[in-house]
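To start, the structure under review is shown below, and the notes come after it.
The values are calculated or read from the model by the stated rules, or taken from the named source; none is laboratory data. Quantities reported herein were computed from a predicted structural model and do not represent experimental measurements. Here the Cβ is made from the backbone with ideal geometry for all residues, glycine too, and neighbour counts use every protein chain on show. Please note that ligands, DNA and RNA were not included when accessible areas were found on the heavy atoms of the full protein model with its side chains. Shrake-Rupley method; radii C 1.70, N 1.55, O 1.52, S 1.80 Å.
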Amino acid sequence: MRNHPEELLHFIWQFQYFDTTALQTSRGEKLQIIKPGMMNNNAGPDFFNSRIKIANQLWAGNVEIHWKSSEWELHNHQQDAAYNNVILHVVFDHDRDVYKKNGDLIPTLELKSRINYIMLHRFNAMMKARTWIPCEKQLKEIAIQEEGTGIFFQKLLIERLEEKTQSIRELLQQNSWNWEEAFYRFMARGFGFKVNSEPFYQLSAITPLQVLVRHKNNLLQLEALLLGQAGFLDKSYQDEYMQRLKREYLFLKNKYKLTSLPAHIWKFGRMRPANFPTIRIVQFAALIHHSSSLFSRMIEIKREEEASQWLYPEVSEYWKYRYMPDGELSAKGNRMGKSSARLLILNVVAPFMFLYGKERGLESMSEIAIELLNNIPAEANRTIKNFEKLGINIKTAADSQALIVLKNRYCDQKRCLYCIFGKRILTPASNE
Ligand code: SF4
């Protein structure tokens, strides 16, 4: 058993998953647990504020937990005053008496004969499993009957948002907490979607927001600036509109002393024309043109439909039915698709709102961010499909985002003791 993590004993103690009838200390004194205490995740004893009765005397203090009592000395607790307030040593195997720094013997409870071995075997099996997730065999049954899944998923979703906001924080730090600038950069990266996020980010880094804001009322100038900065106006074009864009860009480039990116960094391969970076750039120009300011428009959003509508503004006449400069006209229009707008809500708007709400103490804004995710459909990827096959009910992006955290931070790291499904699988009632 010793090769199990100590967290398993913490879990057993925290939820009192052992036979608690006629408890005795290793010295044969009657023991009663009033309160197991609060788990301590920092340095010091494992549980704080526990309350126990030994031989009818009430004790309040801390509990330390080990697989063997001799680990007390192995960890040098006998020399550490922080352990003087330990009132009970809970061990799987009591192999020797141990003492506090002040010389007092520590009362010990041995669990070896009181733990449900089916639970230990189940835990063992999960830790050794080589399946896609360790509880694959049990999850279907557990997930259907598990109450409280909603609260657990909510916690996972918050973890996901915290993780996503990490890169926004870094961006804000680089920009002296200029929210407008950081949102512009982050939104630009979002417009690159998976394939062109990096070139789009570079485009925003070399194109100052103030310059775009100065020309925000003129869509042609915005397109000229962004397409030109992206390197798409270096060639000669036949269409009159493209020639105008090029002339406009050369004028603005000179005026603001701008430097453009090389066009070859943009990827077009294996992509539907509607996703071409040229189209995403003119959509981004249209978004800036139709917003008073990107950031202040974003923080006004209350509902998903409002966000979606904002994110697919109408592009200029030239680009409405064309994917490339001088390109043929296509039958389909070039407004942002609903699914792309939703991806921007998922990856840009919601994390940004969540962070802004947190940083500014605006709880309602963080709640709107979560609500947006509750109102867009779940993404379809391999992780989500696999969980669906295992019987998990996944409807919204809030669910799918929560499951991504579950897989990456819990299942893959075998942190089943911290997961609602793992706890359910290991509780004594499901082991009988
Ligand atoms: S973390 Fe939870 S869902 Fe993942 S394998 Fe463990 S018990 Fe199952």
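Counting only Cβ charges, +1 for Lys and Arg and -1 for Asp and Glu, the dipole size of the stretch 6-115 around its Cα centre is about 440 debye.
Under a point-charge model restricted to the Cβ atoms of Lys and Arg (+1) and Asp and Glu (-1), what is the dipole moment magnitude of the chain relative to its Cα centre, in debye to the nearest 20?
Working: 58 positive and 47 negative charges, 219 e Å.
I would put it at about 1060 debye.
When the Gaussian network model of the chain links Cα atoms closer than 10 Å, the mean-square fluctuations of Phe284, Phe352, Phe18 top out at Phe18.
Ranked by solvent-accessible area (1.4 Å probe, protein heavy atoms only, all chains present), the residues Met119, Met127, Met324 order from largest to smallest as Met324, Met127, Met119.
Give the carbon-plus-sulfur fraction of the accessible surface of the stretch 6-115 in %, rounded to a whole number; probe 1.4 Å, heavy atoms of protein chains only. Provide the component values of the computation, followed by the final result.
On the way: 2400 of 5380 Å².
Its accessible area is 45 percent carbon and sulfur atoms.
On a 0 to 90° scale, report how tilted helix 219-229 is relative to the longest principal axis of the chain, with both axes built from alpha carbons and the result rounded to the nearest 10. The angle comes out at about 70 degrees.
Find, to one decimal place in angstroms, the Kirkwood hydrodynamic radius of the stretch 118-253, where the mean of 1/r is taken over every pair of different Cα atoms and then inverted.
Working: mean 1/r = 0.0513 Å⁻¹.
So the Kirkwood estimate lands at 19.5 Å.
As I understand it, the value is the acute angle between the Cα axis of helix 117-128 and the longest principal axis of the Cα atoms of the chain; what does it come to in degrees, rounded to 10? The helix 117-128 is inclined about 30 degrees to the chain. Take the chain, connect every pair of alpha-carbon atoms lying under 10 Å apart with a spring to form a Gaussian network, then pick out the residue of Gln221, Gln14, Gln229 with the largest mean-square fluctuation. Maximum among the listed residues: Gln14. Positive-end ranking of Trp177, Phe276, Phe295 along the dipole of the chain, with charges on Cβ about the Cα centre, is headed by Phe276. Each Cα pair under 8 Å and six or more residues apart adds its sequence gap; the mean of these over the residue count of the chain is a relative contact order of 14 percent. In the complete set of protein chains, residue-level accessible area for Tyr17 is approximately 50 Å², probe 1.4 angstrom.
Any idea what % of Cα-Cα pairs in the chain are farther than 37 Å? Each step should come with its number before you reach the end.
On the way: 42623 of 93096 pairs.
Summing the P(r) of the chain above 37 Å gives 46 percent of all pairs.
Taking Lys and Arg as +1 and Asp and Glu as -1, the other residues whose beta-carbon sits under 11 Å from that of Tyr318 total -2.
Per residue, the stretch 178-349 exposes an accessible area of 46 Å² to a 1.4 Å probe, with every protein chain left in place.
Based on protein heavy atoms only, the stretch 56-140 ends up with 49 Å² per residue of surface accessible to a 1.4 Å probe.
Legend: translational diffusion of the stretch 43-93 by Stokes-Einstein, Rh = Kirkwood radius over C-alpha pairs, 37 °C, 0.692 mPa s; D = 289 µm²/s.
Here the stretch 222-236 and the stretch 88-136 have alpha carbon centers that stand 66 Å from each other. Helix 149-174 and the long axis of the chain differ in direction by around 50°, with both axes built from C-alpha atoms. Only one residue of Leu58, His10, Leu88 has its Cα farthest out toward the positive end of the dipole of the stretch 1-126, where Lys and Arg carry +1 and Asp and Glu -1 on Cβ, and that residue is Leu58. The P(r) of the stretch 6-115 has a tail past 15 Å containing 59 percent of all C-alpha pairs.
Charges only on Cβ, +1 for Lys and Arg, -1 for Asp and Glu: so what's the dipole of the stretch 326-428 about the Cα centre, in debye to the nearest 20?
Working: 16 positive and 10 negative charges, 108 e Å.
Roughly 520 debye for the stretch 326-428.
Given a cut-off of under 8 Å on Cα pairs at least six residues apart, what relative contact order in percent is computed for the stretch 6-115?
Working: 225 pairs, mean separation 26.0, N = 110.
Averaging sequence separation for qualifying contacts and normalising by length gives 24 percent for the stretch 6-115.
The calculated P(r) of the stretch 178-349, using every Cα pair and 10 Å bins from 0, goes 10, 42, 38, 9, 0 in percent. Just checking the listed ones, Lys216, Lys267, Lys101: in the Gaussian network model of the chain with Cα springs under 10 Å, the one fluctuating most is Lys101.
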